[in-house]
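Worksheet for the structure shown next.
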Amino acid sequence: MLRGVFASPGYRPPLLPAVALELVQLSAQPNVQFGQVVKVLERDPVLAAKVLSIAQSALYASRSPILSLHQAAVRLGLKTLRELVLEAALHLRVFRAPGYAGPMDLLARHSTATAHVVKAVCARTLVDAEYAFLCGLLHDVGLAASLLVLAEDGRFRGAAFQDLAPTLNELHEEASGLLARLWKLPEPIARAVATHHEVTVEGVPQPVNAAIIVAEQLVWEAGLGLLPPPEGAGPFATAMPEPPLEGLDANWTGLVEEARVALGMEPLSLCAARAEAFELLRRQGLESPPRPVG
C-alpha cells in the first residue's frame, strides 16, 4: 500500500521550507558569503528565530550577545548554520503525524542524536563529518513520511504504533531515498539514506553508511534508538550489546562489526567514540525520552 502511495504521481511529501533547502544548496557553493545566507534565512521568521535562540544558547555563547542574524551566522559558521536550519525544519514540518506524537518525538530525537554522534564517529575515520551529519539527520525521514501516510489513511487511523512497525521497517530506507530526491537534495545524500542499513552497495563499500550504522548502535546504547536500550549499557562498555533480531531500525552486531572494520576503526577507537557519544548527547540535552506506548 505504501509503495503505491509513494509511486503515485499525486503523492505530495511532507514539505520542508524552501529556505532550508535553499540554504543546503547555497552552503555547497565554494564562495558563498554570510550576507547571502542571511538574506535567505530572513525569509522564514520562525527558522530565523530558532537560529538566534540556538546561537545564544550555552553551547555556542560567548561574552558578547547576539544582536542580529549576521552575528549569529558568523558565530555558528556556515556548516553549523546549515545543519541547525535543516534540523529545525525537520522538527517543525516532518516529524508530525496525528495520533503518533510519542513515536514521532522519539524518531526526531533519534535522528538528531544519530546526526551528532556520526560526527564523533567520523572524527576517527576519513569520512567527511559534515556530509555524514546531513545523512544521519535525514536517514529516517522515510519512517516519518510512511507513518504520516498511514495516520492519514482511515483504514489505519488509531492503529497501535507497534503494529505498524514491521511495515515501516521494511520500507523506510526506500522512502527516505524517495523523499530526499523529491526535495532535490544532492544525489549522494539520497543514495546514502536509501541504503543506510547496508555497508556495501552493489559491491562497493559505502563509508558514510558504515558511519551511520556505528552511530545508530551508539545512539541505541545511549537510550535514543527506536528500540528500548539494553540493560546496563554505559559510556565505557567494552562489548557491543546485541539489539533484538526483530525490531524497528535494528542493526545486528555482525553488521556493526562489518561497519567498524570498513571504517578502519580499532576496537579501542570504538570504545572512545562510545564514551564521547554519551557525553555529546548529554551536552546536547538529548536525554533518553520516555518510551511511547501504543
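The values are calculated or read from the model by the stated rules, or taken from the named source; none is laboratory data. Keep in mind that this is a model prediction, so the values were computed, not measured. Cβ coordinates were reconstructed from backbone atoms using ideal geometry, including for glycine residues, and neighbour counts include every protein chain displayed.
Structure notes:
- Some residue of segment 169-177 being closer than 21 Å to residue 282 by Cα, buried (at least 18 other Cβ atoms within 10 Å of the Cβ), in contact (Cβ under 8 Å) with a residue 24 or more places away in the chain and under 16 Å from the mean Cα position of the chain (by Cα): no
- In the set (1) surrounded by fewer than 20 Cβ atoms within 10 Å (Cβ to Cβ); (2) small (Gly, Ala, Ser); (3) within 13 Å of the chain's Cα centre (by Cα), residue 159 fails one condition alone, (3).
- In segment 202-221, of all residues being free of Cβ contacts under 8 Å to residues at least 60 places away in the same chain and more than 16 Å from the chain's Cα centre (by Cα), the one that is nearest to residue 251 (Cα to Cα) corresponds to 221.
- Restricting the first member to segment 108-130 and to residues that are buried (at least 21 other Cβ atoms within 10 Å of the Cβ), and the second to residues that are β-branched (Val, Ile, Thr) and assigned to a helix (DSSP H, G or I), the beta-carbon pairs closer than 7 Å and six or more apart or on different chains are 110/219; 113/219; 114/212; 114/219; 117/219; 118/212; 121/214; 127/208.
- Residues in segment 178-205 that are more than 18 Å from residue 95 (Cβ to Cβ) and out of contact with any Leu (no Cβ under 9 Å at 6 or more places or on another chain): 181, 187, 188, 191, 195, 200, 201, 202, 203, 204, 205.
- Residue selected from segment 248-286 under the condition closer than 30 Å to residue 57 by Cα and without any contact (Cβ under 8 Å) to a residue 40 or more places away in the chain, by the criterion surrounded by the most Cβ atoms within 10 Å (Cβ to Cβ): 271
- From 268, 245, 281, residue being modelled with pLDDT of 80 or more, under 22 Å from residue 139 (Cα atoms) and not assigned by TED's automatic domain parsing to the domain that holds residue 54: 281
- All helices (runs of 4 or more DSSP H) inside segment 183-294 with 2 or more residues being under 15 Å from residue 135 (Cα atoms): 187-194, 207-221
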